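Values quoted throughout were computed directly from the atomic coordinates according to the rules given, and no laboratory measurement underlies them. Values in this document were obtained by computation on a predicted structure and should not be read as measured data. Cβ placement follows ideal geometry from the backbone for every residue including glycine, while neighbour counts extend to all protein chains displayed.
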Amino acid sequence: MAMVRTVTGDVDAGQLGPTTMHEHIFGDFTVWQRSASSLTLAGDCLVEVTCCGDVAADGVTNMGRNAPGLRRIADQTGLKIVAGTSFYLEGTHPDYVRTDSVGELAARMTRDLAEGIGDTGIRAGIIGEIGTSTFTDREQKVLRACAAAHLATGAAISLHTHVGCPTGEQSVRLLLAEGVAASRIIVGHMDENLVAFQPGLAHLDYHRRVADTGVYIQYDTFGAEWYYDQNREPMDAERACAVATLIAEGHLDQILLGQDIWLKNCYKHFGGLGYDHLFTGVKALLTQAGVTDTQFQQILVDNPRKALALSTS
């Protein structure tokens, strides 16, 4: 029986409904700026998802993860929430990441997955989101530790590929060399390296190359239509076109979706699109791009069930 590890306990993978694969419910970005989500607000905002699906949520060490808060929200809403264990971009790493060995870092994540996060007894169910920016030596060290933690627990590995830094291929090569099966790797934020300032899907060939390795390709920043320095986020219609194209080229069973809700202005409370945008507006755009209801069901239900199930490589 395939099992998914949620913050309220292990569940049969078949119990997962439509699932958004990459969201943040709590965050403390004081490493960059002063901002934190409140428990009450996060719970209120997630109520909008309860009629739609389930959530694979945050778990980045040193950036405000809150396992008891996640469990409380899961209990209040009935959502199945999968927490992560990970280290983000090098600039956010706790000091011990610099000095720990690969084995010591792997042991920290394995403990979160097998025993519980801190002294909470609440176990993580996915290794991620693992940050890569320019693929620094320390980020590669963390990736090797993630591979070891995966081999010890069977949890999938979910990568953060940074906007303007399309490192998916390098990360996949490293993980494959460490013994991780392609089917247990999720390359996240693919859509953040999709377009340029000229019209069209400028970097779609990069997506094809990553997909050809057999990993999951995750379009998980739906709703983000803005700019990062010299980089442009895609419009949601462009994201939908990319998804439809990859489906037409034979990669339906590798596609995962999400929104990466991480800023307060993403919440409906502050004028944003909210956590349910994936199940409403995005579905309409995908339909317009040619994605069928059956294909949407596979992307939102069948693929997450497989990706999140604990297994061995």
(request) Work out which chymotrypsin sites (Phe, Trp or Tyr not before Pro) in the chain are exposed loop sites (DSSP not H, G, I, E or B, at most 13 other Cβ within 10 Å) and give the longest gap free of them. (result) 33-196
(request) Determine, for 266, 165, the number of other Cβ atoms within 10 Å of each Cβ, and report the residues in order from fewest to most. (result) 165, 266
(request) Starting from the Cα of residue 80, draw a straight line to each of the lysines and keep only those under 20 Å, dropping any in the same chain fewer than 8 residues away. (result) 306
(message) For the chain, what does the helix formula give at 222 nm: sum of -39500 (n - 2.57) over DSSP H segments with n ≥ 4, over the residue count, nearest 500 deg cm²/dmol?
(response) -9500 deg cm²/dmol
(request) In a Gaussian network model over the chain where Cα atoms closer than 10 Å are linked, find which of 245, 110, 167 has the largest mean-square fluctuation. (result) 245
(message) Pick from 68, 166, 199 the residue whose mean-square fluctuation is largest in a GNM of the chain, springs joining Cα atoms under 10 Å.
(response) 199
(request) Just the number, please: percent antiparallel of the DSSP beta bridges in the range 16-308, rounded to the nearest 5. (result) 15 percent
